[in-house]
Structure formats: structure tokens, C-alpha cells
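Heads up, the thing below is written out as C-alpha cells.
Rule-based calculations on the coordinates, nothing more; no lab input. Computed from a prediction, not measured in an experiment: that's the story for all the values here. Neighbour counts are summed over all protein chains in view; Cβ atoms, including those assigned to glycine, are modelled from backbone coordinates with ideal geometry.
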Amino acid sequence: MTVYFIGAGPGDPELITVKGQRLIRQCPVIIYAGSLVPAAVLEGHQAETVINSAELHLEQIIAAMHQAHQQGLDVARVHSGDPSLYGAIGEQIRHLQALGIDYQIIPGVTATAASAALLGCELTLPQVAQTVILTRYGDSSPMPPGEQLGDLARHSSTLAIHLGVKHLSRIVDELLPHYGAHCPVAVVHRATWPDQDWVRGTLGNIVERVAAKDFRRTALILVGHVLGDTPFAESALYRAGHAHLYRPGN
Ligand SMILES: C[S@@+](CC[C@H](N)C(=O)[O-])C[C@H]1O[C@@H](n2cnc3c(N)ncnc32)[C@H](O)[C@@H]1O
């Protein structure tokens, strides 16, 4: 018996992996994060037990997994995006390990990847930014020392800020001294869902633009010069004259 932590992707049911979909269709027990995982992701399942974890607390989720374990039933534990990011799987894994229950993680498409796809852009442009920091706004869970936005902003890398749209004006205040008012920002709301929407702007004007859209939750804030028209170099990978293993004579 195994608990499979499955990444459902950002919303579009076609953005789950083939493996994740197969496991959802095979597992007799499904526990899914109903606040962010659309029901369509579960289509074709044969499970006798389907539980929406949005209505449960941790001990109740673990009790459901424990019961399935005692009955020898595999569990599909379905999380939004990729389970390794803000999925709260660490605490579930800790309980499973204590109970001697096997688990596996099936990765998923992140909100960050889906948002970049929607915006039609690369988050790592040569000589502009080669680092993407995936972070969150510390509200209910405070940030560890050294991970305040001001600390991260010192790198001038691309930022993907989760769980922060309600605090956008505070986020802007913390980033302005580092990135400047002209730094491009995009806020993507419910990427890949039927009602997806987004707005582009700068640190100087994004607060009013987002207020006009009334995005309140499930939005990703992307910040960085890769979102603008900063000139960038071509990568070495495809540069004529740059020889490598697969193009030895260039
Ligand atoms: C609990 S985190 C889950 C992140 C997810 N595990 C991932 O890999 O993307 C939820 C936050 O991720 C972002 N998010 C999740 N799905 C999104 C989507 N479809 N569009 C935009 N942002 C999304 C929002 O910031 C939301 O508040």
C-alpha cells in the first residue's frame, strides 16, 4: 500500500502528468485539495472513497490514510501544482513515516510555470536574470530569518511570489527600494482555469491595476526585468561556433 502525493498542475486538467492521471484512475481512495484542484482532474476515477481535504484538519487526513493502509488500499493524495511547493506534504510525510506507511511523490506543473506560459515569456534571460526565487508572502506562516522580501530582492533575480495578492501594496513597498518603480510586474490570476486573467504593470502602478481587476486570491506575482524589454544576450547553447557534446564541430 502506498500514498501517492500527486501534483494536479495549476488548474487545466490536461496539465497533470500521465502518471498522475493513471494513479488517480487506479487508486481506490482519493484525498484531494478541493480548494485548488478542479473536480475535472479526478475524471475517470474508480475510487469508492473520495475525500475533499479542504474540509479536514491534518489529523483527520492522516486518519483517512491510516485507515486505507489498514485495508491495504492505495491512496491518491492530490495537491495543486507541484506538491513540493507550499503543499504541506512535509507534515503528512512525517506522520506517514512514523506510521510506517510508504509514499511516493509524483511531480506536477507549478503555478510559476503556468504563469510564465500564459505570459509567453522566459523567466531566465541571459545577462538579465539567471535565477528565479519562488517565495511566498509571510502572513499566516511567518518567513524564516533572512527570507524577508527585502533580503531576497537584493539579488535582483526574478521573483515568483505566492499567496501574496492580498498584501500587494506591502509587497511593493518592500521591493521598491531594490527593483525601482519601473521594474515590470505581472499578476496572474487562476492561470489555466477557464476564468484565468492577468495584468501587467510596474512596481509603480501594479497596485491600482490589480485593484481594478479585483484579484483577491489564487494569483501569482511575478517581478523582474525579464518581464520587460531589457536587451538580453543570446544563450551559448544555440550560438553558432559554440561547440558542445551534441554539436562537436559546431
Ligand atoms: C498553496 S500554494 C500552492 C502552490 C502549488 N503547489 C504550485 O506548485 O504552484 C497556492 C498559491 O499558489 C499560487 N497559485 C496556485 N495555482 C495558481 C494558478 N492557477 N494561477 C496563479 N497562481 C496560482 C497562488 O499564489 C496561490 O495562492
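Computed values, structure above
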read-out: Fewest-first sequence of VAL172, VAL199 by Cβ atoms within 10 Å of each Cβ; value: VAL199, VAL172
read-out: HN-Hα J in Hz across region 184-190 - Karplus 6.51, -1.76, 1.60, θ = phi - 60°, x for Gly and Pro; value: x, 9, 10, 10, 10, 9, 6
read-out: Region 77-119, relative contact order in percent, only Cα pairs under 8 angstrom and at least six apart counted; value: 48
read-out: Residue order, fewest to most surrounding Cβ atoms within 10 angstrom, among GLU174, GLU55, GLU122; value: GLU55, GLU122, GLU174
read-out: Region 141-250 - convex hull of alpha carbons, volume per residue in Å³; value: 164
read-out: Antiparallel DSSP beta bridges within the chain, as percent of all bridges there, nearest 5; value: 40
read-out: Other-chain or far-sequence residues with amide H under 5 Å of TYR103's (modelled H); value: VAL3
read-out: Region 125-176, relative contact order in percent, only Cα pairs under 8 angstrom and at least six apart counted; value: 47
read-out: Kirkwood Rh, angstrom, region 188-250 [1 / mean 1/r, Cα pairs]; value: 15.1
read-out: Relative contact order for the chain, counting Cα pairs under 8 Å that sit 6 or more residues apart, in percent; value: 19
read-out: Ellipticity estimate at 222 nm from DSSP helix runs (n ≥ 4, -39,500 (n - 2.57)) divided over the chain, nearest 500; value: -7500 deg cm²/dmol
read-out: Burial ordering of PHE215, PHE5, fewest other beta-carbon atoms within 10 Å first; value: PHE215, PHE5
